[in-house]
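Asks: Structure in structure tokens, see below.
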Amino acid sequence: VNSFGKKQAQAAGKALKNVKFDQAYSSDLQRANLTCQLILEENQLSAIGAENIKRDQRINERKLGENELSVKNRAKEFISTLCELENSQSILIVSHRSLIRRMFHTLCHEMNCSIPSDLETLPDLRPSNTAISKFNIEIYIENNSIKTIQCKELFNVAHLNDLQCETSKSRLRNLFGI
């Protein structure tokens with residue numbers, strides 16, 4: 001993770017500072033794990049820290065030569081695992097674009113997730129780094145299956161607005177030698 005990536009993660013953490021996370025997952029790749037750590041460091045309500053992050057290979061990025069079906073199956077298996085968690089009301093997940101796209105596609109097209117009413121169409125499925133999405137998943141207690149899924153927020157990048165301006169100014173200064 002370069003310095004700009006760290007700033008993005010810290011900005012996401014500040015945007016999520018008042019969310020109490022009961023559990024945190026990251027892919028087992030270092031950059032996703034570091035991003036998850038930086039988000040949790042900014043968080044003011046969660047009792048969990050870097051040592052509590054569960055690294056999970058199922059949410060790794062798409063491997064070279066891996067087909068879409070394999071990525072989809074990993075995403076579905078991971079979602080099923082989340083349904084089995086007890087006492088986890090709010091879960092932070094830090095992964096990679098290809099897996100996030102596949103997870104979103106699975107939630108919306110195969111698991112009947114409802115999308116926010118303010119979205120007229122589905123957005124470009126290429127979320128920016130540290131884009132924030134929030135889903136409410138209601139689970140049947142008897143068999144840990146999904147009752148309903150609601151997308152509350154999708155690929156929100158408002159927390160990056162100041163960083164984008166900072167980067168643009170920096171690029172202009174470099175371009176024009178200012």
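The values are calculated or read from the model by the stated rules, or taken from the named source; none is laboratory data. What you see is a predicted model, and the numbers here were worked out from it, not measured in a lab. All Cβ positions, even for glycine, are placed from backbone atoms using ideal geometry, and neighbour counts span all protein chains on display. These accessible areas exclude ligands, DNA and RNA; they are computed on the full protein's heavy atoms, side chains included. Shrake-Rupley method; radii C 1.70, N 1.55, O 1.52, S 1.80 Å.
Asks: Could you order F4, F78, F155 by accessible surface area, starting with the largest, using a probe radius of 1.4 Å?
Replies: Largest accessible area first, the list is F4, F155, F78.
Asks: Sorted from largest to smallest, which semi-axis lengths in Å does the alpha carbon gyration tensor of segment 1-73 give for its equivalent ellipsoid, taking the root of 5 times each eigenvalue?
Replies: 25, 15, 10
Asks: Going down the table (K76/K152; K54/K76; K6/K72; K63/K147; K20/K134; K14/K76), which pairs top 23 Å between alpha carbons?
Replies: Listed pairs above 23 Å: K6/K72; K63/K147; K14/K76.
Asks: Keeping all protein chains in place and using 1.4 angstrom, which order do R126, R101, R31 fall into by accessible surface area, from largest down?
Replies: I get R126, R31, R101, largest accessible area first.
Asks: Right, another one. For segment 76-119, what class follows from the C-alpha gyration tensor (a ≥ b ≥ c being the square roots of its eigenvalues): rounded when a/c is under 1.5, otherwise prolate if a/b is larger than b/c, else oblate?
Replies: Prolate.
Asks: Between segment 70-105 and segment 30-62, what is the separation of their alpha carbon centroids in Å?
Replies: What the calculation gives is 14 Å, centre to centre.
Asks: Convex hull volume of the Cα atoms in segment 71-152, per residue, in Å³?
Replies: Roughly 98 Å³ of hull volume per residue.
Asks: If one takes the longest principal axis of the Cα atoms in the chain, at what angle in degrees, from 0 to 90 and to the nearest 10, does the Cα axis of helix 30-42 lie?
Replies: Tilt relative to the chain: about 80 degrees.
Asks: With θ taken as phi - 60° and the coefficients 6.51, -1.76 and 1.60, list the Karplus ³J(HN,Hα) couplings across segment 85-96 in order, rounded to whole Hz; mark glycine and proline as x.
Replies: Residue by residue, segment 85-96 yields 5, 9, 6, 10, 8, 9, 10, 8, 10, 10, 9, 10 Hz.
Asks: May I pose another question? Over the Cα atoms of segment 39-83, what Rg and Dmax result, in angstrom?
Replies: Answer for segment 39-83, Rg first and Dmax second: 14.1, 41 Å.
Asks: Also, I was wondering about something else. Counting only Cα, what are the radius of gyration and maximum Cα-Cα distance Dmax of segment 34-123, in Å?
Replies: Rg then Dmax for segment 34-123, in Å: 14.7, 41.
Asks: Using all alpha carbons of the chain, what is the percent of pairwise distances in each 10 Å bin, ordered from the shortest bin to the longest?
Replies: 9, 34, 37, 15, 4, 1, 0
Asks: Return the FRET efficiency for the residue pair Q30, N73: r is the Cβ-Cβ distance, R0 is 22 Å, and the value is rounded to the nearest 0.05.
Replies: For Q30 and N73, the calculated efficiency is 0.35.
Asks: Over segment 1-142, what is the relative contact order in percent, taking alpha-carbon pairs closer than 8 angstrom and at least six residues apart?
Replies: Relative contact order, segment 1-142: 26 percent.
Asks: For the chain, what proportion of DSSP beta bridges, expressed in % and rounded to the nearest 5, is antiparallel?
Replies: If I count the DSSP bridges inside the chain, around 50 percent turn out antiparallel.
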